[in-house]
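Enquirer: Sharing a structure here in structure tokens format.
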Amino acid sequence: MSAQTDPPAGTTPANASDAATGTESGTASGHDAFHPDLPHHPHGHGDDSALPLRARLHHIRADALDGDTAQTGGMRRFAAISGNTVGSERIWMGQTHVAPATASSNHHHGASETAIHVVKGHPEFVFLDDSSGTPEEVRIRTSPGDYIFVPPYVPHREENPSPDDEAVVVIARSTQEAIVVNLPELYVLDSENPPAAPGTH
């Protein structure tokens, strides 16, 4: 077994200062070569609220959701992640609550793709399908832990058949804000000729 040789007195191993500072050998002091997008300044422990909205992480507490967002009759939506709350530009996220024995109005979400995660209850999602030649309602029954994907412009509604329990879902959309276009009735979307992008109603 070969003996370990100590460095000559008065010298420092090549990687000693790197180990002490957490930087990679050969890089500028305080800069992580594995993350070249990071700014060239030390990461202090100051007040993060002084940073621009898009230069820090955001914590939205369950009791701080914002009810001032687009609504549909028969349900209540609450925004968590939005342009207003955190400065997001390409995503909206929040909750929808449907009271017992209640159905929402018919609606769609414009150009937004919408993902839904069922948290509580057994909400049902209803849309029209004419693949058989005759338009008919399709009802998707869900349970906690299930997911639903709603493509852009597809008319639908949510229902909560439970006589006692509220239904709660988490929703995420591909637009900055919640686009909700309320409709008088369901119809089958012409996927080859979707409508022009609507405003928020």
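The values are calculated or read from the model by the stated rules, or taken from the named source; none is laboratory data. Owing to the predicted nature of the structure, the values given are computational and were not obtained by experimental measurement. When the accessible area is computed, the model is the full protein with side chains, heavy atoms only, and any ligands, DNA or RNA have been set aside. Shrake-Rupley method; radii C 1.70, N 1.55, O 1.52, S 1.80 Å.
Enquirer: Can you pull the percent of the range 49-102's accessible area that's carbon plus sulfur, 1.4 Å probe, other chains left in place? Could you put the intermediate results ahead of the total?
Expert: Values: 1710 of 3170 Å².
Exposed carbon and sulfur together represent 54 percent of the surface.
Enquirer: Report in % the part of the accessible area of the range 148-189 that belongs to carbon and sulfur, leaving out ligands and nucleic acids; probe 1.4 Å. Working shown, then result.
Expert: Numbers: 1030 of 1810 Å².
Within the range 148-189, the accessible surface is 57 percent carbon and sulfur.
Enquirer: Classify the range 60-201 as rounded, prolate or oblate from the Cα gyration tensor: take a ≥ b ≥ c as the square roots of its eigenvalues, call it rounded if a/c is under 1.5, otherwise prolate when a/b beats b/c and oblate if not. Show your work: numbers first, answer last.
Expert: Details: a/c = 1.91, a/b = 1.16, b/c = 1.64.
In terms of gyration-tensor shape, oblate.
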